[in-house]
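Let me begin by presenting the structure, written as structure tokens, before commenting on it.
Every number in this text was worked out from the coordinates using simple rules, so none of it is lab data. Note that the structure is predicted; figures quoted are calculated from it, not measured. Reconstructed Cβ throughout: ideal geometry from the backbone, glycine too, with neighbour counts over all protein chains shown.
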Amino acid sequence: MHLTPEEEQIGKDNFNEAVSFSRRDFLKTSASAGAGMGALYFGYKELEGEPVRVGFIGTGDEGSVLITQHPEKYMDIVAIADLRPTNLKKAIIGHNNEARVGLINKLGKDKASKIKQFPDHKSLIKAKDELGLEAVVIAVPLSQHAPVAMECLKAGLHILSEKLMAHNITECKELVLEARKQKRLYAVGHQRHYSVLYDNANHLVESGLLGDIRFIRAQWHRNNSFPGRDSWLKKIPAEDTEALKDKVTEYGYDDMDHLVNWRLYNSTGGGLMAELGSHQMDACSIFLGKKHPIAVQGYGGRNFYGVKGVGSKDKQDDKREIDDQVFVTLEFPGQHYDAKDNPRDICVVTYSSINTNRWEPYGETVFGSRGTLIMKTEKEAMLFKEASPSTGGGGPEQRLHVINASDGSGVALDAYETTAPSAQASTAVIEKLSRGYTEEMEHFCHCVRTENFKKPEDGGLRCNGEVAMADAIMALTANLAMKHQKRILFKPEWFDVDNDAVPETDPDVIGK
Ligand SMILES: NC(=O)c1ccc[n+]([C@@H]2O[C@H](COP(=O)([O-])OP(=O)(O)OC[C@H]3O[C@@H](n4cnc5c(N)ncnc54)[C@H](O)[C@@H]3O)[C@@H](O)[C@H]2O)c1
């Protein structure tokens with residue numbers, strides 16, 4: 001659905017209004033406390049003592065985003081490593097865009113020049129003692145998350161790895177167990193766990209303001225159909241080929257194409273569900289109380305690339321292995337779900353990701369019986385009210401405010417007959433927020449420095465290995481459901497790290 005700019009503004013004001021109402025005491029305390037926003041929201045403190053000494057492994061697109069967002073008071077980048085000389089250089093000088101400014105712009109020339117550079121993760125690990133390294137941030141292609149992280153764990157380093165946690169669930173379990181054995185922290189970069197915007201949205205959902213939630217729709221639609229243009233198909237720089245020509249296979253890549261265009265191949269990537277869907281399934285499961293899903297089914301296909309007569313010649317000749325569109329349906333348990341006594345208390349989540357149209361921006365829409373919450377591109381949240389016999393009109397033109405429900409059941413949305421936002425809505429503190437990268441790195445460093453191995457609910461890492469493994473199970477089991485064309489029931493033992501059972505070898509999933 002497309003909203004006019006005026007309707008969007010009303011939706012944002014409504015969201016701010018609702019947050020200001022339901023978190024009034026919290027926001028007042030936050031405003032007077034004077035610490036960073038992330039620390040206040042997520043319950044950690046400013047770091048006492050020296051910043052954690054960190055090495056970055058993988059300084060491509062995402063590594064450079066994390067470098068740009070890294071919190072200097074918490075994290076001291078002492079080394080970087082990348083196989084590709086061009087990306088090592090870009091980590092220093094930047095990519096010529098705001099999201100990836102490079103170490104010189106971020107830290108100044110002097111400090112940046114002291115950061116040691118390595119041609120691979122192995123040489124960085126070898127130098128760990130002279131570097132005084134405590135932790136690594138890993139942003140390499142998916143298939144290498146587990147092998148690289150395992151080597152780092154065995155060298156005694158704490159890990160913050162990019163998502164998806166690993167290429168399969170067996171690897172996820174091995175990583176959690178190794179981190180336990182080595183007494184090291186393992187964090188995974190599903191940044192929505194550290195997004196203040198999502199935290200506020202989740203708070204509204206938890207307060208019951210949206211009523212009963214039976215349906216969430218998530219999508220990430222892109223248009224890569226124009227000739228010669230494709231965000232996942234990149235040119236291979238000659239300088240990188242020259243540097244790696246005899247040794248790229250040593251690092252787990254069949255050739256340079258698999259290193260540079262790793263997202264397109266099954267041996268190196270995990271397709272649209274791993275790259276895009278995992279974030280959004282993560283968001284939906286947060287909205288639904290972090291419960292594990294019950295079942296998944298879906299359709300995935302290569303219906304655009306490599307199809308005779310469809311698209312331009314370069315698209316018809318494209319040899320990628322991954323599906324170019326996926327449509328997945330997940331069933332989540334509602335608050336009162338019971339497999340025997342109340343099996344129909346289900347909330348359905350649908351997810352789609354396509355390559356041939358971007359009419360809708362990426363995001364998630366939560367359809368409640370009293371209101372609709374729209375999360376747009378991780379940056380905006382909008383709230384609209386359903387029309388109701390007792391509290392009046394609804395829809396995209398309706399301003400609203402929050403009241404204590406007349407039946408004493410908590411909070412409710414009420415209609416608001418004015419053209420201007422309320423004072424609370426226009427002064428809400430939730431604008432201009434980061435997507436969570438900075439906060440995720442701050443909290444990781446804080447946990448390292450304070451040796452905090454607690455569970456997320458007790459103030460530990462919000463996306464630790466176990467939490468991230470659940471996200472990987474959702475994304476990778478969705479892939480299996482599409483591959484084997486069946487509705488798959490999730491098994492509790494898959495989510496248990498101390499149990500060997502995993503979906504990728506389960507006979508109920510892959511057949512006998
Ligand atoms: N959290 C998010 O929103 C988000 C967004 C984009 C990407 N990611 C994740 O970040 C990771 C990296 O993605 P990207 O877009 O930066 O890919 P990329 O291809 O741009 O960068 C990966 C880099 O890792 C390097 N590399 C590979 N193996 C290495 C090794 N053994 N030692 C050192 N360097 C090595 C490559 O040379 C390359 O420069 C992926 O797991 C991806 O899913 C997360």
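Relative to the longest principal axis of the chain, what angle (0 to 90°, nearest 10) does the C-alpha long axis of helix 278-287 take? Compared with the principal axis, the helix lies near 30 degrees. Label separation (V497 vs V411): 3.4 nm, computed from points 7 Å beyond Cα along the C-beta direction. Quick check: the distance between the Cα centres of the stretch 286-330 and the stretch 158-225, to the nearest angstrom? So the two Cα centres are separated by 20 Å.
For D508 and I236, the FRET efficiency from 1/(1 + (r/R0)^6), where r spans their Cβ atoms and R0 equals 45 Å, is about 0.65.
Bridging of K114 to aspartates and glutamates at a Cα separation below 20 Å is possible for E50, E72, D76, D82, D129, E130, E134, once same-chain residues fewer than 8 apart are set aside. With both labels modelled 7 Å from their Cα along Cα-to-Cβ, the E451 to K45 distance reads 1.7 nm. Fully extending the segment from N105 to K126, taken as 0.36 nm per residue of separation minus the present Cα-Cα distance, adds 4.7 nm. With a cut-off of 15 Å on the backbone N, the residues of the stretch 375-402 near the modelled label site 7 Å out from S369 along Cα-Cβ are 386-390.
Using 1/(1 + (r/R0)^6) with R0 = 41 angstrom and r between the beta carbons of S312 and R344, what's the FRET efficiency to the nearest 0.05? Kindly include the intermediate steps, with their values, before the conclusion.
On the way: r = 47 Å, r/R0 = 1.16.
About 0.30, to the nearest 0.05.
So for the chain: antiparallel DSSP bridges make up what percent, rounded to the nearest 5? Could you put the intermediate results ahead of the total?
On the way: 45 of 72 bridges.
Within the chain, antiparallel bridges account for around 60 percent of the total.
The magnitude of the dipole of the chain, with charges of +1 and -1 set on the Cβ of Lys/Arg and Asp/Glu and taken from the Cα centre, is near 660 debye.
Which entries in K128/K183; K90/K128; K173/K235 show an alpha-carbon gap greater than 25 Å?
Result: K173/K235 exceed 25 Å.
Summarising the label geometry, the points placed 7 Å from Cα in the beta-carbon direction at H2 and R180 lie 5.2 nm from one another.
Would you mind computing the Rg to Rh ratio of the chain from its alpha-carbon coordinates, Kirkwood style for Rh? Before the final figure, lay out the partial values.
Values: Rg = 23.3 Å, Rh = 24.2 Å.
Ratio value, two decimals: 0.97.
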